[in-house]
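Everything below concerns the one structure shown next.
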Amino acid sequence: MPSLQDWLSRLEQLHPSEIELGLERVASVADALGIQKPAPTVITVAGTNGKGSCVATMEALLCKGGRSVGAYSSPHLLRFNERVRIGGEEVADKDLVLAFEAIEVARGETSLTYFEYTTLAALWLFQRAGVEFALLEVGLGGRLDAVNLVDADLAIITSVAIDHEDWLGSDREIIGREKAGVLRAGAPFVCADSNPTQSVLSAAEKLSSSSYFIGQDFSLNLGEGKKELYRFGELELAIPPINLPRPSIAAGITALALLNVLPQGGIESALAEIALPGRCQQVQWQGCNLLLDVGHNPAAAEHLAKWLADHPVDGETHALVAAMADKDLVGLFAPLRGVVDAWHPAELPGNSRAASGETLREGLAAAGVEATNANSRCPNVADGLQQLLPTIGPQDRLLVFGSFFTVAEVLQQMRDEGNGELRG
């Protein structure tokens with residue numbers, strides 16, 4: 001029987017393009033499989049940034065309350081299985097293979113992309129497991145994303161910012177309209193964007209959605225000590241210090257509160273235990289302080305810059321960065337200019353989308369980074385890491401960021417060599 005890796009290699013070759021927006025093909029296969037409603041309650045999460053954090057928040061709280069839950073997110077860092085979880089655990093290879101086999105039979109002559117296969121596999125596995133809740137993270141946009149074949153009982157938009165311009169455009173109003181495509185008539189809608197676009201507001205009004213906006217209907221503000229206080233109506237919760245976007249956490253809590261499924265106790269401990277790799281993830285490795293972040297657009301860079309400013313080190317902050325060529329590199333680098341002391345651009349050989357060293361250096365220069373603060377050498381990420389580690393003092397910090405691929409390279413190297421540990 002073909003292995004999971006065999007299937008993944010095949011799926012990468014089946015469709016002529018990595019992305020093909022549209023629901024007709026994937027919906028027809030879902031109909032053949034009978035998985036249009038994979039769980040009694042479906043929560044769909046769209047947004048430019050913070051989707052994974054929102055899903056992780058709801059997943060942790062539902063599991064804490066003893067609810068059966070399936071969570072679907074993307075992309076993965078090290079293992080494809082990270083994308084599909086049931087009961088907080090990654091599904092096994094054999095189960096994914098069974099799902100792909102079922103999809104292969106049901107699709108007939110219908111062509112599917114890698115992401116569409118993955119989405120259908122998640123829905124099929126959730127229905128097969130009989131989960132009560134399906135948490136579905138949109139891959140790209142919303143309206144035409146494969147996830148949107150399922151009618152959400154509650155929709156969340158975490159943020160609307162500029163990213164994937166080739167597919168979604170470079171205007172927040174247009175992007176917001178695409179993301180608002182996950183809303184359904186009469187179904188509750190939670191928005192974690194503090195400055196929602198008019199396109200989002202209009203879509204919610206047109207659909208008569210019961211809408212809840214951060215800063216207006218629910219909030220998360222500094223409380224005593226390092227904890228923050230979440231408020232929604234009469235509900236008040238202390239949020240422990242965790243390295244996830246606060247608006248996404250608040251939106252996830254609000255969604256479960258609206259559905260009356262927040263656990264009766266243990267909320268703070270459940271949140272404190274969330275560990276989402278690559279989101280301001282602090283790691284101690286080979287005697288060095290590392291910070292890993294998958295941020296790859298200007299809005300994510302602004303969040304990262306604030307985090308760095310709020311968590312200073314006594315020494316210097318070095319940045320090992322590799323990014324995709326189709327990203328706004330100037331917008332990615334500029335917010336970090338004041339909190340990064342030295343830049344080390346790196347390449348991702350074998351990744352056709354990755355920016356070259358020259359392109360990265362040009363982006364840094366255009367963002368106002370002095371040439372003396374940017375390393376002119378541009379090795380691959382793995383070699384760059386090994387060259388930098390001996391130069392990072394105990395008071396310094398090494399930031400690794402720019403894409404999921406960049407962080408994955410470092411996590412894989414740490415896994416291969418061991419001796420890494422997470423820090424609070």
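Quick check on my filter: what residues within segment 188-197 are in contact (Cβ under 8 Å) with a residue 40 or more places away in the chain, crowded, with 19+ Cβ neighbours inside 10 Å and out of contact with any helix residue (DSSP H, G or I) (no Cβ under 6 Å at 6 or more places or on another chain)? Correct list: CYS191, ASP193.
Tell me, please, whether a residue that is in contact (Cβ under 8 Å) with a residue 40 or more places away in the chain, outside any loop (DSSP other than H, G, I, E, B) and surrounded by fewer than 18 Cβ atoms within 10 Å (Cβ to Cβ) can be found in segment 282-290.
Taking segment 282-290 first, the residues in contact (Cβ under 8 Å) with a residue 40 or more places away in the chain are 282-290.
Within this subset, residues satisfying the condition of being outside any loop (DSSP other than H, G, I, E, B) are 282-285, 288-290.
Cutting the leftovers down to surrounded by fewer than 18 Cβ atoms within 10 Å (Cβ to Cβ) gives us 282, 284.
Yes, because at least one residue in segment 282-290 is in contact (Cβ under 8 Å) with a residue 40 or more places away in the chain, outside any loop (DSSP other than H, G, I, E, B) and surrounded by fewer than 18 Cβ atoms within 10 Å (Cβ to Cβ).
Taking helices (runs of 4 or more DSSP H) as the structural unit, those lying wholly within segment 323-390 and holding at least 3 residues that are among the charged types (D, E, K, R) and over 14 Å from PHE405 (Cα atoms) correspond to 357-366. Looking across segment 207-259, the residues that are crowded, with 19+ Cβ neighbours inside 10 Å and of a type in the set (Gly, Ala, Ser) come down to SER209, SER211, SER248, ALA250, ALA251, GLY252, ALA255, ALA257.
Can you tell which of ALA152, ALA185, ALA204 is surrounded by 19 or more Cβ atoms within 10 Å (Cβ to Cβ), over 22 Å from the mean Cα position of the chain (by Cα) and modelled with pLDDT of 95 or more?
Values: ALA152 fails: over 22 Å from the mean Cα position of the chain (by Cα); ALA185 fails: surrounded by 19 or more Cβ atoms within 10 Å (Cβ to Cβ).
Within the list ALA152, ALA185, ALA204, the selection yields ALA204.
The set of residues in segment 244-280 that are within 25 Å of THR391 (Cβ to Cβ) and at pLDDT 95 or above is empty. Looking across segment 363-390, the residues that are at pLDDT 90 or above and charged (D, E, K, R) come down to GLU370, ASP383. A Cβ distance below 9 Å, combined with a sequence gap of six or more or placement on separate chains, defines the contacts here; from segment 329-350, residues that are closer than 19 Å to THR372 by Cβ reach residues that are in a helix (DSSP H, G or I) and of a type in the set (S, T, N, Q) in the pairs ARG337/ASN373; VAL340/ASN373; ASP341/ASN373; ALA342/ASN373; TRP343/ASN373; HIS344/GLN387; PRO345/THR359; ALA346/THR406.
If we scan segment 85-98, do we find a residue that is at pLDDT 95 or above, closer than 23 Å to ARG184 by Cβ and either in contact with a strand residue (DSSP E or B) (Cβ under 6 Å, 6 or more places away or on another chain) or surrounded by 15 or more Cβ atoms within 10 Å (Cβ to Cβ) (or both)? Before the answer, list the steps.
Going residue by residue through segment 85-98, those that are at pLDDT 95 or above are 85-98.
Within this subset, residues satisfying the condition of being closer than 23 Å to ARG184 by Cβ are none.
The answer is no, given that none of the residues of segment 85-98 is at pLDDT 95 or above, closer than 23 Å to ARG184 by Cβ and either in contact with a strand residue (DSSP E or B) (Cβ under 6 Å, 6 or more places away or on another chain) or surrounded by 15 or more Cβ atoms within 10 Å (Cβ to Cβ) (or both).
For every residue, the table says whether it meets (1) of a type in the set (Lys, Arg); (2) surrounded by fewer than 23 Cβ atoms within 10 Å (Cβ to Cβ); (3) at pLDDT 95 or above.
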site: HIS311; (1), (2), (3): no, yes, no
site: THR317; (1), (2), (3): no, yes, yes
site: ALA323; (1), (2), (3): no, no, yes
site: LYS327; (1), (2), (3): yes, yes, no
site: ALA334; (1), (2), (3): no, yes, yes
site: ASP341; (1), (2), (3): no, yes, yes
site: PRO345; (1), (2), (3): no, no, yes
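Set side by side, the residues ALA129, ALA102, ALA121 differ, and just one is aliphatic (A, V, I, L, M), surrounded by 24 or more Cβ atoms within 10 Å (Cβ to Cβ) and more than 16 Å from THR44 (Cα to Cα), which is ALA121.
Could you go through segment 100-122 and let me know if any residue there is assigned to a strand (DSSP E or B), under 28 Å from LEU61 (Cα atoms) and touching a residue at least 40 places away in the same chain (Cβ under 8 Å). Break it down into steps so the answer makes sense when it comes.
So the first thing to find is which residues in segment 100-122 are assigned to a strand (DSSP E or B), and the list is none.
Among the residues of segment 100-122, not one is assigned to a strand (DSSP E or B), under 28 Å from LEU61 (Cα atoms) and touching a residue at least 40 places away in the same chain (Cβ under 8 Å), which makes the answer no.
Within segment 198-224, residues that are over 22 Å from PRO245 (Cβ atoms) have Cβ atoms under 9 Å from residues that are modelled with pLDDT of 95 or more and hydroxyl-bearing (Ser, Thr, Tyr) in these pairs: GLU205/SER211, counting only partners at least 6 apart in sequence or on another chain.
Of the candidates GLY66, GLY141, the single residue that is assigned by TED's automatic domain parsing to the domain that holds GLN13, part of a loop (DSSP other than H, G, I, E, B) and either modelled with pLDDT under 95 or buried (at least 20 other Cβ atoms within 10 Å of the Cβ) (or both) is GLY141. For segment 240-272, the tally of residues that are under 18 Å from the mean Cα position of the chain (by Cα) and assigned to a loop (DSSP other than H, G, I, E, B) stands at 4.
The values are calculated or read from the model by the stated rules, or taken from the named source; none is laboratory data. Quantities reported herein were computed from a predicted structural model and do not represent experimental measurements. We place every Cβ from the backbone using ideal geometry, glycine too, and count neighbours over all the protein chains shown.
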